[in-house]
Protein chains: 2
Amino acid sequence: MDLRSNATLDAQTIKRFGTVVELGEHTPLTLDSGAVLGPFHVAFQSYGELNADRSNVVLVCHALTGDQHISGKHPVTGVKGWWDMIVGPGKPLDTDRFFVICSNVLGGCMGTAGPNQIDLRTGNLYGPDFPVVTIGDMVRAQAMLLDHLGIEKLFCVIGGSMGGMQVLEWASTYPERLFAAVPIACASRHSAQNIAFHEVGRQAIITDPDWKQGNYLQTSTIPRQGLAVARMMAHITYLSEAALGRKFGRNLQDRFALTYGFEADFQVESYLRHQGQSFVERFDANSYLYITKAMDYFDLAADHNGDLASAFSGTTTRFCLISFTSDWLFPTAESREIVHALNAVAANVSFVEIETDTGHDAFLLDVPEFHAALKGFLNGAAAHHGLNN
Amino acid sequence: MDLRSNATLDAQTIKRFGTVVELGEHTPLTLDSGAVLGPFHVAFQSYGELNADRSNVVLVCHALTGDQHISGKHPVTGVKGWWDMIVGPGKPLDTDRFFVICSNVLGGCMGTAGPNQIDLRTGNLYGPDFPVVTIGDMVRAQAMLLDHLGIEKLFCVIGGSMGGMQVLEWASTYPERLFAAVPIACASRHSAQNIAFHEVGRQAIITDPDWKQGNYLQTSTIPRQGLAVARMMAHITYLSEAALGRKFGRNLQDRFALTYGFEADFQVESYLRHQGQSFVERFDANSYLYITKAMDYFDLAADHNGDLASAFSGTTTRFCLISFTSDWLFPTAESREIVHALNAVAANVSFVEIETDTGHDAFLLDVPEFHAALKGFLNGAAAHHGLNN
C-alpha cells in the first residue's frame, strides 16, 4: 500500500495537505446533526512504517488549532510540527517502531472537509454552509479513513486537549478497535467556563465586518482582527499565571520607560499581538467557529444517559490519562472524573498528573516528566501488544 | 456646606453625574505622564451626613467599570448601585454614621475628566487626546476634590479591585490623611496575565472599525462590537469556574436540544452576550482603554525602588485586607504580599480571606461573611477613631 499516492492532486496541494483521500462516496457519513456528508476529503500525514500484520498503528488526534503535520517542518508555517518532540525516531512515539497517522479533523482547514474546502458534490466552496460537526463526527470520519487504509485495529490512539476528547470518543465508540488510549489534558465534557471563552472568540470573529456572514473567502477578505482577538484570548487560557509571570512579568518591550500611550508597553502585550497576527496567517476563521462549537458540544456522559462510566462499559482498552497541575482550562479534577468512570467499569487505567507551571500547553512543550511517562506507558503497552522493540 | 449645589449644570447632568466640581484652575494637576490637567471636572456622589468635626468621611474608590453611584437607583441603568448592599443605613458602611463619598475616576465616563468629556480649556471633546492617566493620578484628583470640599482627613478609604489599588496608593501617598484603609480583592501590581487580558480587550476595541482612531463620538458611532467582546471576556475573569458551573453548567438556553448552528445553545453563551450588549449602553469604549491602561501601569513597589514595604514606611493607618478564595484575577497570594510588606513596617494590619466560590466579583455580591468582616473592622476602627455609634 502506497499511502503517498494521490494522482488527482497537484504537487502544491500534496505538500500542503499530505495525502488526501476521498471517502463516503457510496456510504456517506451521517453527522450527529442529521446532515449527510459524502463524498468528502480527509487529509492526513503518516510517519514510520506500517508493519506486516498492521499491528503498530498509532492514531494521533490533533487539538483545536493543530493539524496533521505533527513532526518535521510544517509546510505552511515553516516551523516544526506541533509534536515534533514526541513523534520521531527514538522519541516517545518512536517512528522506528510505530506507524503514526494523524488526519486533519472534519471542520478543519488543512485539506479535510471543512468550511474552507470545496463541496465535492457541488464544486462550490462550503463556507458557512458546511454542517456543524461534533467530536463524534470527527472520530467517525477517522474510522472511515482507517477502513479505507485497511487498518482494522489501532495499537494506540492518543491526543491532548480536543485531541483527548477524540481519544475518549474513540474508546467509547470503537472499543474493539483500540488496544491502548492516551487522553491528555482533556475532559469528558466542556465546562461552562470553557464554553464561555469559546463564545467570546466566536463573537469576536462573527462581529468582524470582514467575516461577511461567513462568506469572506469569495471576496478575498478575511476577518483578521476578530480572529486575532479570538486567538489572543485563547492563548492566555493555554498558559498559566505563573508561566506568564515567569516568562514576561512586567518587563517592558524594547523600551526603558512606560510610553503613557496605547502602544504595547509590556512584553506580554507584544507577545500576544504577535500570537494573534501569526495565527491569522495559518488558520481559517470559519474553521475556528466550527471546531470550537464541536468542543463545546462534547459531553460524553450526556450521550450515555448521563452516566460517564457506561460510555466505557466492557472496555478492554488500556488507558493512560495525563493531566498537568497548572492546567486551568482542563484541570486535573476533570481527568480524575474520567479515571473514576473507568474504575467503575474495572478498566485497565493509569493516571499521571505532571507537576509543571506551563499550563494547558504543557502537552506541546518540553516537559521531560511528561515525555518519560508517555514513553513508559507506550513501551509497556507495546510489549503487551507483542510489538518487538 | 451644601455639596449639592452646582449652579452651572442643568438638572439632567446633575441627575446623571451627581455633583460636579471644577478643580485645578489655579493649580493644575501634573500627571505621571508629565501632561498637565486643569481646569477639569470631578463628579461625585455622597451619602449620609458630614459630622461637625468632619471626622466621619469614608472615601469609596470604584472599580474599572464602576462609578460614583454606589447606592440607590443608578441614573443610567435604573438598577441598584454597585455597592447598595454595603452602603446605606444600618449596612456595613452605615450612612447613619459615616459620610460616604465616591467620585468618578479620572479617565472615567460619568462626569469626571475623561475621553468622553469636554476639555474645559478648549471646549472640545477630549476623545483620544485625553492624556493617559495612572492610579496615582486618579488618587491625586480625589485628594484635590477633598481639599476643595474642606475635608482634611478620611476616617477610611475603601475599594475593591481597581478600587483597592487606589486605596493602596492613598495609603502610600497620603498616609497622614487616612485613619483606616480597606483594600479588597486587589494587588500592589497588575500581573502579566491580567495585563494580557486587558490587552485583548483593548485590541477588540481598537480594531473595531467603528472606533475610528478614538474619534467615534464625533461621528455618532460607537465601537459596539469590540467593547462588547472586551466586556464578555473580562466578565469571565470576574467569575470562577465553579460559579459558572453552578449557575449555568451546560444548561441549554430556551431549548431542549442542540441547534447544530451558531446561535447561543447554552445559557452561559446568552448570558455573556447580554453582558456584552448591556455594557455598551452604559460605558464609553475610550474610557475602557484608559482605565485598563491605568491598572496595567500600577506597580507600587516599582514606584519605591522595587521595595513594596517602603511604600508604607512609617504608616499609622489601620489596614484591613480582604481577599476571596476563588478570585483568580487577584488571588489571595497577591493580598498576602501586601500584608507581608505592611508587616515589615510594623503596620497595624488585619487580613481576612473569605471562603466563596463566586470569584473576583465576590466584593460586589451578597457574601455574608465578607459583609460581617467589613462591618466588624469598620466598627472597631470607628470606636478607636472616637466616632460614636
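Derivation of every value follows stated rules applied to the coordinates shown; laboratory data play no part. Just so it is clear, the model here is predicted, and its values are computed rather than measured. In this analysis, Cβ positions are derived from the backbone assuming ideal geometry, glycine residues included, and neighbour counts consider all displayed protein chains.
Listed by chain and number, the aspartates and glutamates whose C-alpha is less than 13 Å from the C-alpha of residue B:153, apart from same-chain residues fewer than 8 away, are B:53, B:176. Less than 5 angstrom separates the built amide H of residue B:190 from those of B:298, all sequence-distant by 5 or more or on a different chain. Kirkwood Rh over Cα pairs of segment B:28-118 into Stokes-Einstein at 10 °C, 1.306 mPa s: D in µm²/s? My calculation gives 112 µm²/s for D. Our note on the geometry: Cα centres of segment A:190-217 and segment A:110-140, 18 Å apart.
Highest mobility in the GNM of chain A, judged by mean-square fluctuation with C-alpha springs under 10 Å and restricted to A:112, A:237, A:77, is found for A:77. Taken as Cα centroids, segment B:262-300 and segment A:23-100 sit 39 Å apart, rounded to the nearest whole angstrom. Expressed as a whole percent, how much of the Cα-Cα distance distribution for segment A:138-221 exceeds 17 Å? Result for the distance tail: 61 percent. Report, ordered by chain and residue number, the lysines lying within cross-link reach of residue A:293, taken as a straight Cα distance under 20 Å and ignoring same-chain residues fewer than 8 apart. By straight Cα distance, residue A:293 reaches A:212.
The convex hull defined by the C-alpha atoms of segment A:9-52 has an orientation-averaged projected area of 5.0 nm².
Here residue A:15 is the anchor, and the lysines within straight C-alpha reach of less than 16 Å, apart from those fewer than 8 places off in the same chain, are A:73, A:80.
When the alpha carbon coordinates of chain A are projected onto the principal axes, the ranges are 65, 51, 43 Å, largest first.
How much net charge surrounds residue A:187 when only the other residues with a Cβ under 13 Å from the Cβ of residue A:187 are counted, with Lys and Arg +1 and Asp and Glu -1? With Lys, Arg at +1 and Asp, Glu at -1, the neighbours total -4.
Please compute the alpha carbon radius of gyration of segment B:194-293, then divide it by the globular-protein estimate 2.2 N^0.38 Å. Two decimals is fine.
Working: Rg = 15.2 Å, N = 100, 2.2 N^0.38 = 12.7 Å.
So segment B:194-293 has a normalised radius of gyration of 1.20.
Relative contact order for chain A: 16 percent, from Cα pairs under 8 Å spaced at least 6 residues apart, divided by residue count.
Largest GNM mean-square fluctuation across A:204, A:234, A:242, computed for chain A with C-alpha springs under 10 Å, falls on A:242.
What number, in nm² with one decimal, is the all-direction average of the projected area of the convex hull of the alpha-carbon atoms of segment A:84-232? Computing the convex hull of the Cα atoms and averaging its projections yields 10.8 nm². Spread over its residues, the convex hull of the C-alpha atoms of segment A:278-349 is 129 Å³ per residue.
Near residue A:159, the amide H atoms lying under 5 Å from its own belong to A:61, A:182, A:184; only residues 5 or more places off or on other chains count, and H is placed 1.01 Å from N. Which one of B:22, B:281, B:334 has the biggest mean-square fluctuation once chain B is modelled by GNM with Cα springs under 10 Å? Of the options given, B:281 has the highest mean-square fluctuation.
Output the peptides A:115-128, A:183-196 sorted from most to least packed, where packing is the average of other Cβ atoms within 10 Å over each peptide's residues. Write out the running numbers ahead of the final one.
Working: A:115-128: 16.2, A:183-196: 25.8.
By packing density, highest mean first, the sequence is A:183-196, A:115-128.
May I have the convex hull volume per residue, in Å³, for the Cα set of the protein assembly as shown?
On the way: hull volume 129.7 nm³, N = 778.
Taking the convex hull of the Cα positions in the protein assembly as shown, it is 167 Å³ per residue.
Taking H placed 1.01 Å from N in the peptide plane, check which residues at least 5 places from residue A:319 or on another chain put their amide H under 5 Å from its amide H. Amide H to amide H, under 5 Å and 5 or more residues apart or across chains, residue A:319 pairs with A:181, A:348, A:349, A:350.
Taking the DSSP bridge list for chain A and keeping only pairs wholly inside it, about 35 percent are antiparallel. In order along segment B:302-311, the phi-based Karplus estimate (6.51 cos²θ - 1.76 cosθ + 1.60, θ = phi - 60°) of 3J(HN,Hα) comes to 4, 6, 10, 6, x, 10, 4, 4, 5, 5 Hz; Gly and Pro are listed as x.
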